[in-house]
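K.L.:
Structure in structure tokens, see below.
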Amino acid sequence: MNVIDWQKEVERRQDALIEDAKKLLQIKSVLDEENATEEAPLGEGVKEALDFMLQLGEKDGFTPKNVGNLAGHLEFGQGEDIVGILCHVDVVPEGDGWSSDPYGAEIRDGKIFGRGAIDDKGPTMAAYYAMKIVKELGLPLNKRVRMIIGTDEESDWRCVDHYFEHEEMPAMGFAPDADFPIIYAEKGIADFDLVQNWKEQKSDAEVKAKVLSFQSGRRYNMVPDFAKASLEVTNEPTDTVQLYADFLKKNELPGKYYIENGLLMLEAEGVSAHGMEPNNGKNAGLYMAKFLSELKIDPKASHYFQFAATYFYEDSRGKKLGISYSDDITGDLTINVGKLSYTEESGGRLGLNVRYPVTNKMDDTKDSLEGLLKEEHFIIENFTDSKPHHVAEDDFLIQTLKKVYEEQTGEKAELLSIGGGTYARSLKSGVAFGPLFPGREDIAHQKDEYMHIEDMLRATAIYAQAIYELAK
Ligand SMILES: [Zn+2]
């Protein structure tokens, strides 16, 4: 058989590919649970995008299946095993500040603009045309090829949860929903709260202030960029205010202090960052906890703030907690304290986002943590854990995708590991494979989201060859 020129095959279908990508981008497929129906459990827009893909596939001769109106698939080929391509057609809300209609799919300077252009409708259409090319070339395959289309990736993954409860798990697959070359390892992600479990103790320590409330951060996976506390100060607040002013200055933190309804209010501003690398931010909550831990405050608050400052201030690696861990595949265990709160009535809480390496066992980590927490009078609540995800480097899937990527780009296919979670982790043996090429700006979830048309075509050719090589 002649060598297939994958890029030529893409060029032949280029106009149709762009037209279909535009149509998909013009559907406002944002989660809309308020207007949910049985037919459209996540809202009309999301359902319309799913239907669009299923109808397109049916017209082109793929076998479509709607799975509970939450997900669906398009399949062709025959064989025992399935090669899965996992995509999603829901998008995050468009937000403000766009230069053109976020659902206009306008093309300017070789880029197609629209919410979902790179995440994940552009790549979905690229993968769809890749599958279509392999089918139209009539190449002999030994596996079935199945595009699985999710509609809740941006929120709770109810699509893939439901899908894999009812449908077969592919033997291998990839998700065109992150970066090229290949993301083969992702840390485990555990979210939980540490809740103060403290019994009143008599103390003779001098108390200069009582903390009434403290709040910082709203999401486990973000570094809080703001913290606020209200204090009842027993005598003159001047000392405390001076100490706070010095603290802000020393740590180069913007902040404020003022009296409101007779209470001393303290505010601090930090720097927000994604929770996968807390050191990229400045945790406003932990700074304020550090400050309050050094004041002569009431015993309950003192217990909480000392705990927070002792174990988390300037330590995002779990060293002080005794749970640090690192491996060569995914690097360090990281801890982001994304939510902090304290009230006089209900006590204190810390909401943690722990990302742990692929060779680390969360059960062991949790056990050792619980030992320490017992002594410190804290308990764990709301524990959730998404296990690490890893495909071995010598696996057929990785070797094949590597070969395809290198042949088509002429670049070495470096294997990447990340602290975040990609859609690939819902597959048993799956990796994230594109669509963002190295060096390209990541504009997913931002205003003026776009995909380079050139990249869309390059990705289509890579996906086509990958599908063929995996399924042949
Ligand atoms: Zn995505």
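The values are calculated or read from the model by the stated rules, or taken from the named source; none is laboratory data. Treat the numbers as computed from the prediction; the structure is a model and nothing was measured. Cβ placement follows ideal geometry from the backbone for every residue including glycine, while neighbour counts extend to all protein chains displayed.
K.L.:
Mind telling me which of the residues Gly318, Gly285 ends up being within 31 Å of the chain's Cα centre (by Cα), buried (at least 18 other Cβ atoms within 10 Å of the Cβ) and part of a loop (DSSP other than H, G, I, E, B)?
P.N.:
Gly318
K.L.:
Consider Gly270 carefully, then state whether it is within 21 Å of Met222 (Cβ to Cβ), in contact with a Gly (Cβ under 8 Å, 6 or more places away or on another chain) and buried (at least 18 other Cβ atoms within 10 Å of the Cβ).
P.N.:
Considered against the rule, which asks whether it is within 21 Å of Met222 (Cβ to Cβ), in contact with a Gly (Cβ under 8 Å, 6 or more places away or on another chain) and buried (at least 18 other Cβ atoms within 10 Å of the Cβ), Gly270 comes out as yes.
K.L.:
For residues in segment 300-345 being of a type in the set (D, E, K, R), more than 29 Å from Glu186 (Cα to Cα) and out of contact with any Ser or Thr (no Cβ under 9 Å at 6 or more places or on another chain), which is modelled with the highest pLDDT?
P.N.:
Lys300
K.L.:
Within 16 Å of the ligand (Cβ to nearest atom) and surrounded by fewer than 24 Cβ atoms within 10 Å (Cβ to Cβ): is that true of Trp98 in this structure?
P.N.:
Criteria not met by Trp98.
K.L.:
Would you confirm whether any residue within segment 329-341 is without any contact (Cβ under 8 Å) to a residue 40 or more places away in the chain and among the small types (Gly, Ala, Ser)?
P.N.:
Scanning segment 329-341 turns up no residue that is without any contact (Cβ under 8 Å) to a residue 40 or more places away in the chain and among the small types (Gly, Ala, Ser).
K.L.:
Just give me the residues in segment 101-148 being within 16 Å of the ligand (Cβ to nearest atom), touching a strand residue (DSSP E or B) at 6+ places or on another chain (Cβ under 6 Å) and farther than 18 Å from Glu11 by Cα, in sequence order.
P.N.:
The answer is Arg115, Gly116, Ala117, Ile118, Asp120, Met147, Ile148.
K.L.:
For segment 178-194: of the residues being within 16 Å of the ligand (Cβ to nearest atom) and acidic (Asp, Glu), which is surrounded by the fewest Cβ atoms within 10 Å (Cβ to Cβ)?
P.N.:
Asp179
K.L.:
Of everything in segment 32-91, what is closer than 23 Å to Leu397 by Cβ, charged (D, E, K, R) and not in a loop (DSSP other than H, G, I, E, B)? Give them in sequence order.
P.N.:
Glu75
K.L.:
Could you say whether any residue in segment 5-14 is on the phi > 0 side of the Ramachandran plot, assigned to a loop (DSSP other than H, G, I, E, B) and not aliphatic (A, V, I, L, M)?
P.N.:
no
K.L.:
Related question: If you take the residues of segment 153-177 that are in a strand (DSSP E or B) and within 16 Å of the ligand (Cβ to nearest atom), which of them is surrounded by the fewest Cβ atoms within 10 Å (Cβ to Cβ)?
P.N.:
Residue satisfying both the conditions and the ranking: Gly173.
K.L.:
Same structure again: Could you grab me the full set of residues in segment 321-354 that are part of a strand (DSSP E or B), closer than 20 Å to Gly371 by Cα and within 18 Å of the chain's Cα centre (by Cα)?
P.N.:
Thr334, Ile335, Val337, Gly351, Leu352, Asn353, Val354
K.L.:
Please go through segment 429-455 and pick out each residue that is in a loop (DSSP other than H, G, I, E, B) and within 12 Å of the ligand (Cβ to nearest atom).
P.N.:
Within segment 429-455, Gly434, Asp442, Ala444, His445, Glu449 meet the criteria.
K.L.:
Does Ile380 meet the test of being in contact with a strand residue (DSSP E or B) (Cβ under 9 Å, 6 or more places away or on another chain) and outside any strand (DSSP E or B)?
P.N.:
no
K.L.:
Which members of segment 394-428 meet the condition of being farther than 16 Å from Asp179 by Cβ and either within 23 Å of the chain's Cα centre (by Cα) or within 16 Å of the ligand (Cβ to nearest atom) (or both)?
P.N.:
Across segment 394-428, the qualifying residues are Ser426, Leu427, Lys428.
K.L.:
Quick one: which strands (runs of 3 or more DSSP E) lie wholly within segment 181-269 and hold at least 1 residues that are in contact (Cβ under 8 Å) with a residue 40 or more places away in the chain?
P.N.:
Those strands (runs of 3 or more DSSP E) span 182-186, 188-196, 209-216, 226-233, 263-269.
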